[in-house]
1. Of the residues that sit in segment 245-266 and are free of Cβ contacts under 8 Å to residues at least 12 places away in the same chain and in a loop (DSSP other than H, G, I, E, B), which one is surrounded by the most Cβ atoms within 10 Å (Cβ to Cβ)?
2. Going through ALA16, ALA45 one at a time, which residue ends up being touching a Gly at 6+ places or on another chain (Cβ under 8 Å), without any contact (Cβ under 8 Å) to a residue 24 or more places away in the chain and of a type in the set (A, V, I, L, M)?
3. Taking the residues in segment 6-57 that are assigned to a loop (DSSP other than H, G, I, E, B) and among the charged types (D, E, K, R) as candidates, determine which candidate is surrounded by the most Cβ atoms within 10 Å (Cβ to Cβ).
4. If ASN121 satisfies all but one of (1) surrounded by 22 or more Cβ atoms within 10 Å (Cβ to Cβ); (2) free of Cβ contacts under 8 Å to residues at least 40 places away in the same chain, what's the number of the condition it fails?
5. With respect to ALA86, determine if the residue is surrounded by 22 or more Cβ atoms within 10 Å (Cβ to Cβ), out of contact with any strand residue (DSSP E or B) (no Cβ under 8 Å at 6 or more places or on another chain), outside any strand (DSSP E or B) and at pLDDT below 95.
6. Hey, any hits in segment 94-115 for a residue that's in contact (Cβ under 8 Å) with a residue 60 or more places away in the chain and in a strand (DSSP E or B)?
7. Scan the helices (runs of 4 or more DSSP H) fully inside segment 150-234 and keep the ones with 3 or more residues being in contact (Cβ under 8 Å) with a residue 24 or more places away in the chain.
Amino acid sequence: MGGASCNICPHACSPAEGAYGLCGSRKMQDGKIVPEGYGRLTSLALDPIEKKPFARFHPGTTVLSLSSYGCNLKCPWCQNHMISYATANSADWRQMSPREVIDRALKLERRGCIGIAYTYNEPFINLEFMRDCGELAHENGLVNVVVSNGMVNWSALESVSHLLDAANIDLKGFSSDFYSDICGSYECVTSTIETLATLQSCHLEVTTLVIPGLNDSPEAIEAAARWLASLDEEIPYHITRFFPSFKYGNRPPTPVETVYALAEVARKHLRYVFTGNC
């Protein structure tokens, strides 16, 4: 094992020299953890901000969405598994500098682009690139929005919190057992949400992908909604329909009626509840 350990998330990976941490993006090089995925983009697209999803942050605008590869969770239903389970050797990527990204976004302002969305794979495993792009974005009057699984240490989150204008955090389940099954920490994710809810400079929304038989009980959704309301009853909460994907390719999609019913449960506690993929 290497002497250094990664400080981005609770896994605190310390891989052997030349090997990757669990995320597949950060590796041990010359005894140090380096962000190999820095500037290596697998996706770059102009998206409606509602697609992220953000329902109450500059609706009607667009953002330049970018992603790299790798993830620090291992969800068997991942919709973006082609990049989230990839490494540099298996992903199709191209190198771009922060300056090139910002220049691209500025050229898209005529199409309603207001900033950068760090999304598709887990953005915080490429913290350094998000920081460098984020600083340039603010210098040029652009916003930064992040779509994350929330598996990020407080110190890493704090280092870029001043650059985040909006965040949508996946609350994949509402128990430690659920997160342990996907190599995650329920305590870390809920702590991230709590921290972001206190930041006046960062708009917060939360999403739960509802998967039949895993996290679709009214009790689980109500517990999540009640907890979110204890932070702020105006946090927008997205209840999203699951479609078969990756290792869960043989599972049925979530019934539309289930999504609508769970949204009504959440509305008992939260003012803004939205359904997705219906």
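The values are calculated or read from the model by the stated rules, or taken from the named source; none is laboratory data. Keep in mind that this is a model prediction, so the values were computed, not measured. Note that each Cβ is placed from the backbone with ideal geometry, even for glycine, and that neighbours are counted across all protein chains shown.
1. The residue in question is GLY249.
2. ALA16
3. My answer is LYS52.
4. (2)
5. Here the answer is yes, as ALA86 does meet what is asked.
6. Yes: one or more hits.
7. The helices (runs of 4 or more DSSP H) meeting that bar are 154-160, 186-198, 218-231.
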